[in-house]
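These notes are about the structure you will find just below.
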Amino acid sequence: MTATAPREEQLWSRCAGCASLLYRKRLRRNLDVCPECGEHARLGAPERLRQLVDPGSLSLLPDRLPEADPLDFVDVLPYPHRLTGARASTGLAEGVVCATATIGGHPVALAVMDFRFLGGSLGCAVGELITRAAERALDDRTPLVLITASGGARMQEGALSLMQMATVSQAIAALREAGLLTVSVLTDPTYGGVAASFATNTDLVLAESGARMGFAGPRVIRQITGRALPEGFQTADFLLRHGQVDMVVQRRSLRGRLMALLAATRAGRPARSPVPRQEPASHRERLADDGAVPARPTDPAVEGDAGTPAVRDAWDTVRMARHPGRPTTLDYLDSVFDGFVELHGDRLGADCPAIVGGVARLAGRHVMVIGHQKGHTTAELVARNFGMASPSGHRKALRLMRLAARLGLPVVTLVDTPGADPGVSAEEQGQAAAIAENILTLTVLPTPVLAVITGEGGSGGALALAVADRVLMLENAVYSVISPEGCAAILWPDRSAAPQAARALRLTAPDLRRLGVVDEVVSEPSSAAHDDPAETAHRLRAALLANLLPLLDVPPAMLVRLRRQRFRRFGANRVGARAGLR
Ligand SMILES: [Zn+2]
C-alpha cells in the first residue's frame, strides 16, 4: 500500500465494462470505478480495507492457521497445490483478511473476503478467521462489518466447509443477542454458502453497485430450468427491487454510508450490559487471541458400529441414497412416529410441498417433525419438486421450529434433498436469506434438535434443517457441500468424473462420522433401506430415542451452549490438528 514505481504493464488497464483504456493511477484514484461507464472493478481485500477505514486505525488480526487438507482432496491438482498457488498470486494467507479499525471514528471489527483467493471460497480457515473477528467484536463490544465476495463453500474441504456456514452464523447470533450491530456489504460476486449464511443473516445488508448475489449461480439455474434469465437477474438493483437488501451503494459512498449507520445505531443503543460501556481504549493486536480456541475436540473415535459395514464405493452410496424406493419423510412419519398432524404454510403466501412438517409422537412423546419430502414415482417427485425446498419451504420450517421452541417440543428433522430449489422465483423470493435465517435460528433454538440425514444431504438446503444437537445419518445416506456431478463439472472439469468426485468429497456416513460432522451412523438392513423399510424404520426409531431422551433433561440454555460448541469446533485448528482420512 506504499507508493512504489509501477511496472510498465501496470500503467494502463482496460475497463471490463466499456473497454476503455484507463490510466491505472487515475482508475485507482477513482476507487477502481471506471470514470467512463461507472463499472466497479473487483477489489482485493487490502485495497478494500484501505478505502474504507480511517488512516492509521487498521490493526490486522492474526491470519495464520495450521495447514489443513482435511479430506486429502485431489482433483486434477492436489488441494495443497491450489492453496500454494493462491497464496503466491495474492500474497494473502487465506481468502479473508480480518482486522479491527475505525470508520469515521467508530470502532469496528471487519472481515473482508478476497475473490482472488480460490474464488473467495469458504473453507475451515476462512470460517475460523471470520468467527474470530466476530468474537473480537463481541469482546470489544463493537459492530462487525463483513465484506463478502465468494463463489460459495470450498469444495475441497467437503462437508466441513458446509459446517462453517453454521459456525459463522452462530457467531453472528451471539452479536445479535449482545445488541451489537452486524452489517454485510455484498460485493461482486456473492453466491452459494456465503450468500446463504453470513452475507444475508446480518442486521443490515448493503449491496455495492454492480454486485450480484444469489444462492444458485446463473449458469446452474439456466442449466436446470433451461430458460433464459430475466434482465439484470441477481444484480444489486434486482435484489433491492425484491426486498432483499437495504440499499445499493456506489463505492464512493460506501464509507460514508457505513459511517452514518454506525453512528445511528450507536446513538440509539441503550446501555444493556451492567458494566457501563466505554470506548475500547485501544486496538492493539492481541496475539494471545490466537490461542483462544475453546473446546479441545473430543476426537471422534471410530465408533464400534457393530459389525463394521462392508466398505461400499462412495459413488454406489450416492446412487443408493438417491434410490427411488428409499423411504421418504412421509414414510418415516408413518412407520417411526405416531399421530402425525401436518401443519402447512409459511404465513407469507405459499406452502412448499418439498418440506413437510407437523406435530407427531415418538414413543408417546410429542415432537415437532420437519423433513424434506421426495417421492417414489415420477409424478410424486414432480409434485414435491424432487425434495428441493423453495424459500417458502424454508420459512415454513422456520415457523415450525419457533413454534416447537415456544411449546417446549423437541424438533426432529429428516434431511433428504438434492439441494435447495435453484429456480428463478426462488432467487426472487430470497432463497439465500431464507436458508441463512434457518441456520442462524437453529444455532440458538432453545429446545432439543435432532437431525437425521436419511437420503441426500445436499449442501445449504440440507444444512437449513441440520444444525442440531445430534446429527445422525443412515448408513447409505450422503451429505455433501456440492453434488458429485457439480463438483466434477467444476474441478475436473467433466461431469463424467462424478464417481471420482464422490470419493474425493468424503460424503459417506462413515467418512463424516470420522470427521465429526455426524455423531452416529444408523445401520441399514442387509443391502439397503429400500429392501426392508420396516427394519430400517425400527432401527431409526431406536436411534432417535437413544439420542433424544438424554437431550430432554438438558436445560435449554445449556443445550444452546453445547450446540454452539459442537459447531464451533469445526474450525481450522481442529481440522489442522487432525490426521487426514485413510
Ligand atoms: Zn468503463
Seminar exercise, completed: Of the residues in the range 113-134, those that are open to solvent by 10 Å² or more (accessible area, probe 1.4 Å) and without any contact (Cβ under 8 Å) to a residue 40 or more places away in the chain number 2
Exercise. Does Leu181 meet the test of being without any contact (Cβ under 8 Å) to a residue 60 or more places away in the chain and either more than 15 Å from the chain's Cα centre (by Cα) or farther than 30 Å from Ala509 by Cβ (or both)?
Worked result: no
Problem set entry | Hits in the range 208-230 - residues which are closer than 28 Å to Arg257 by Cα and over 19 Å from the mean Cα position of the chain (by Cα) | Glu208, Ser209, Gly210, Ala211
Seminar exercise, completed: Among residues of the range 473-493 being in contact with a helix residue (DSSP H, G or I) (Cβ under 6 Å, 6 or more places away or on another chain) and either part of a helix (DSSP H, G or I) or surrounded by fewer than 17 Cβ atoms within 10 Å (Cβ to Cβ) (or both), the residue modelled with the lowest pLDDT is Ala489
For this session: Could you tell me which residue of the range 406-419 is surrounded by the most Cβ atoms within 10 Å (Cβ to Cβ), considering only residues that are over 15 Å from Val467 (Cα atoms) and either without any contact (Cβ under 8 Å) to a residue 60 or more places away in the chain or out of contact with any strand residue (DSSP E or B) (no Cβ under 8 Å at 6 or more places or on another chain) (or both)?
Result: Leu409
Problem set entry | Condition check for Val359: β-branched (Val, Ile, Thr) and surrounded by fewer than 20 Cβ atoms within 10 Å (Cβ to Cβ) | yes
Seminar exercise, completed: Pairs returned, first residue in the range 336-352 that is assigned by the TED database to the domain that holds Leu548, second residue that is outside any loop (DSSP other than H, G, I, E, B) and surrounded by fewer than 16 Cβ atoms within 10 Å (Cβ to Cβ), beta-carbon separation under 6 angstrom, 6 or more apart or interchain, are Asp338/Arg361; Gly339/Arg361
Exercise. Got a number for residues in the range 532-563 being touching a residue at least 24 places away in the same chain (Cβ under 8 Å) and either of a type outside the set (Ser, Thr, Tyr) or loosely packed, with under 14 Cβ neighbours inside 10 Å (or both)?
Worked result: 19
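For every residue, the table says whether it meets (1) basic (Lys, Arg); (2) open to solvent by less than 10 Å² (accessible area, probe 1.4 Å); (3) outside the structural domain of Leu138 (by the TED database); (4) part of a loop (DSSP other than H, G, I, E, B).
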| position | (1), (2), (3), (4) |
| --- | --- |
| Val185 | no, yes, no, no |
| Thr190 | no, yes, no, no |
| Val220 | no, no, no, no |
| Ile224 | no, no, no, no |
| Glu231 | no, no, no, yes |
| Asp237 | no, no, no, no |
Seminar exercise, completed: Here, strands (runs of 3 or more DSSP E) confined to the range 1-112 with at least 1 residues that are open to solvent by 10 Å² or more (accessible area, probe 1.4 Å), within 29 Å of Leu181 (Cβ to Cβ) and more than 16 Å from the ligand (Cβ to nearest atom) are 96-103
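Could you name every one of the helices (runs of 4 or more DSSP H) located completely within the range 408-468 that has at least 3 residues being in contact with a helix residue (DSSP H, G or I) (Cβ under 7 Å, 6 or more places away or on another chain) and not β-branched (Val, Ile, Thr)?
In the range 408-468, 431-444, 459-463 are the helices (runs of 4 or more DSSP H) which contain 3 or more residues that are in contact with a helix residue (DSSP H, G or I) (Cβ under 7 Å, 6 or more places away or on another chain) and not β-branched (Val, Ile, Thr).
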Problem set entry | Leading residue by the ranking (farthest from Gln565 (Cα to Cα)) among those in the range 494-525 that are of a type in the set (D, E, K, R) and assigned to a helix (DSSP H, G or I) | Arg495
For this session: Just name the residue that is surrounded by the fewest Cβ atoms within 10 Å (Cβ to Cβ) out of those in the range 308-354 that are touching a strand residue (DSSP E or B) at 6+ places or on another chain (Cβ under 9 Å) and among the polar types (S, T, N, Q).
Result: Thr317
Seminar exercise, completed: Conditions (1) in contact with a helix residue (DSSP H, G or I) (Cβ under 9 Å, 6 or more places away or on another chain); (2) surrounded by fewer than 24 Cβ atoms within 10 Å (Cβ to Cβ); (3) touching a residue at least 40 places away in the same chain (Cβ under 8 Å) -> Arg141 fails only (1)
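Looking for something part of a helix (DSSP H, G or I) and either among the small types (Gly, Ala, Ser) or open to solvent by 40 Å² or more (accessible area, probe 1.4 Å) (or both) - is there at least one such residue anywhere in the range 196-206? Spell out the reasoning first.
Within the range 196-206, the subset part of a helix (DSSP H, G or I) is none.
Taking every residue of the range 196-206 in turn, none turns out to be part of a helix (DSSP H, G or I) and either among the small types (Gly, Ala, Ser) or open to solvent by 40 Å² or more (accessible area, probe 1.4 Å) (or both).
The values are calculated or read from the model by the stated rules, or taken from the named source; none is laboratory data. This is a predicted model, so every value here is computed, not measured. Cβ sites come from the backbone with ideal geometry, for glycine too, and all protein chains shown count toward neighbours. Ligands, DNA and RNA are excluded from the accessible area calculation, which covers all protein heavy atoms including side chains. Shrake-Rupley method; radii C 1.70, N 1.55, O 1.52, S 1.80 Å.
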